[in-house]
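Student: The structure follows.
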Amino acid sequence: MRIALFDSGLGGLTVLSEAVKQLPKEDFLFFADTLHVPYGTKTKEQVQDFVRESLDQILKEDIKALVIACNTATSAAAEELRQEYSFPIIGMEPAVKPAVEMNRETGKRVLVAATPLTLHQSKYTQLVSRVDDHSIVDSLPLPELVTYCEAMQFDPEVMTAYFNEKLAPYHLNDYGTLVLGCTHFPFYKPLLSRILPDHIEIIDGSRGTIRRLRHVLVEKEILGNQGSGDIRFACSSQDPAYLLKMQQAFERFHSGANVMKVMK
């Protein structure tokens, strides 16, 4: 049985990379809803429909757990899916809590970058309300970034200009942490590390999500010890070119190579 990871496109590969590191004896299915990417600019109702359509395809495989490797899809659909299915469903959320804890004593602020839909969902606003007791969290919508990533736009000049424009309204010296609240965004971490002041730490939720997955697998006594880390890629468009792109993007990210170089 495999662990399925699901996203609208390439972003969830950053979570898959962490899963392979933490769970080397598991086999995985990675499914991308390429017919409807990006999710972050859609309505909640549209995303819910897209997730259900994708899950219908995913369940043709024998899976034992599902990771919704997409902050937007998690906020829109995770709770409803957990009420319908008996297998574990692990979602994503922006790493706001650890970011706030890191900056609580420093006086620095936290900047959360995510898709517009994620930032407007009650799941996110409730999370911030629960943990941000000093009102240090600001939100940065980056609606174009998923589209850039899906187009494999990693040209440093193009993307530096984009980030500089989006970050211009913020006094970066006031911030201690940038939270990457979309699984596509870690592809740009190497470039952001060069753009941002050295004191700003960049974090995302992948590590905590997979730790949670491992805990649930152990708790339910379904942690694998026979698998080989085999990965199967699938997408809703069944496009062979996109399947190849997924494999190439994963190999580049997982190896730690500089993803800001144009992928061929």
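The values are calculated or read from the model by the stated rules, or taken from the named source; none is laboratory data. As the structure is a computational prediction, the values presented were derived from the model and not from experiment. Backbone-built Cβ (ideal geometry, glycine too); neighbour counts: all protein chains shown. These area figures cover heavy atoms from the full protein model, side chains too; ligands, DNA and RNA do not enter into them. Shrake-Rupley method; radii C 1.70, N 1.55, O 1.52, S 1.80 Å.
Student: Kindly evaluate Ala65 against the criterion of being modelled with pLDDT of 95 or more, in a helix (DSSP H, G or I) and among the small types (Gly, Ala, Ser).
Tutor: Numbers: modelled with pLDDT of 95 or more: yes; in a helix (DSSP H, G or I): no; among the small types (Gly, Ala, Ser): yes.
Criteria not met by Ala65.
Student: Which residue, of Leu127, Leu111, Leu140, is assigned to a helix (DSSP H, G or I) and at negative phi?
Tutor: Numbers: Leu111 fails: assigned to a helix (DSSP H, G or I); Leu140 fails: assigned to a helix (DSSP H, G or I).
Within the list Leu127, Leu111, Leu140, the selection yields Leu127.
Student: To continue, here is another question. Output the number of the condition that Arg82 fails; it satisfies all remaining conditions of (1) of a type in the set (D, E, K, R); (2) touching a residue at least 12 places away in the same chain (Cβ under 8 Å); (3) within 18 Å of Leu213 (Cβ to Cβ).
Tutor: (2)
Student: Would you please list the contacts, defined by Cβ atoms under 6 Å and residues six or more apart or on different chains, that run from a residue in region 105-124 that is without any contact (Cβ under 8 Å) to a residue 60 or more places away in the chain to a residue that is of a type outside the set (A, V, I, L, M, F, W, C)?
Tutor: Pairs found: Lys123/Ser75; Tyr124/Thr118.
Student: Also, quick follow-up: Among residues belonging to region 10-27 that are closer than 10 Å to His254 by Cα and of a type outside the set (A, V, I, L, M), point out the one that is surrounded by the fewest Cβ atoms within 10 Å (Cβ to Cβ).
Tutor: Top of the filtered list is Lys21.
Student: I've got another one for you. Which condition does Thr74 not pass, out of (1) in contact with a strand residue (DSSP E or B) (Cβ under 7 Å, 6 or more places away or on another chain); (2) not in a helix (DSSP H, G or I), if it passes all the others?
Tutor: (2)
Student: Please tell me if Ile136 is under 22 Å from the mean Cα position of the chain (by Cα), open to solvent by less than 80 Å² (accessible area, probe 1.4 Å), at pLDDT 95 or above and of a type in the set (Val, Ile, Thr).
Tutor: Working: under 22 Å from the mean Cα position of the chain (by Cα): no; open to solvent by less than 80 Å² (accessible area, probe 1.4 Å): yes; at pLDDT 95 or above: yes; of a type in the set (Val, Ile, Thr): yes.
Considered against the rule, which asks whether it is under 22 Å from the mean Cα position of the chain (by Cα), open to solvent by less than 80 Å² (accessible area, probe 1.4 Å), at pLDDT 95 or above and of a type in the set (Val, Ile, Thr), Ile136 comes out as no.
Student: OK, next. Checking the conditions here, which among Glu84, Glu150 is surrounded by fewer than 15 Cβ atoms within 10 Å (Cβ to Cβ), on the phi < 0 side of the Ramachandran plot and among the acidic types (Asp, Glu)? Even if it seems obvious, please write down each step before you answer.
Tutor: Values: Glu150 fails: surrounded by fewer than 15 Cβ atoms within 10 Å (Cβ to Cβ).
Only one candidate passes the filter, namely Glu84.
Student: Which number in (1) over 30 Å from Phe87 (Cα atoms); (2) of a type in the set (D, E, K, R); (3) touching a helix residue (DSSP H, G or I) at 6+ places or on another chain (Cβ under 8 Å) marks the one condition that Asp204 misses?
Tutor: Every listed condition holds for Asp204 apart from (1).
Student: Same structure, new question: Hey, any hits in region 159-173 for a residue that's touching a residue at least 60 places away in the same chain (Cβ under 8 Å), of a type in the set (D, E, K, R) and under 20 Å from Asp204 (Cβ atoms)? Walk me through how you get there before you give the answer.
Tutor: Initial filter on region 159-173 (touching a residue at least 60 places away in the same chain (Cβ under 8 Å)): 159.
Pick out the ones that are also of a type in the set (D, E, K, R) and you get none.
The answer is no, given that none of the residues of region 159-173 is touching a residue at least 60 places away in the same chain (Cβ under 8 Å), of a type in the set (D, E, K, R) and under 20 Å from Asp204 (Cβ atoms).
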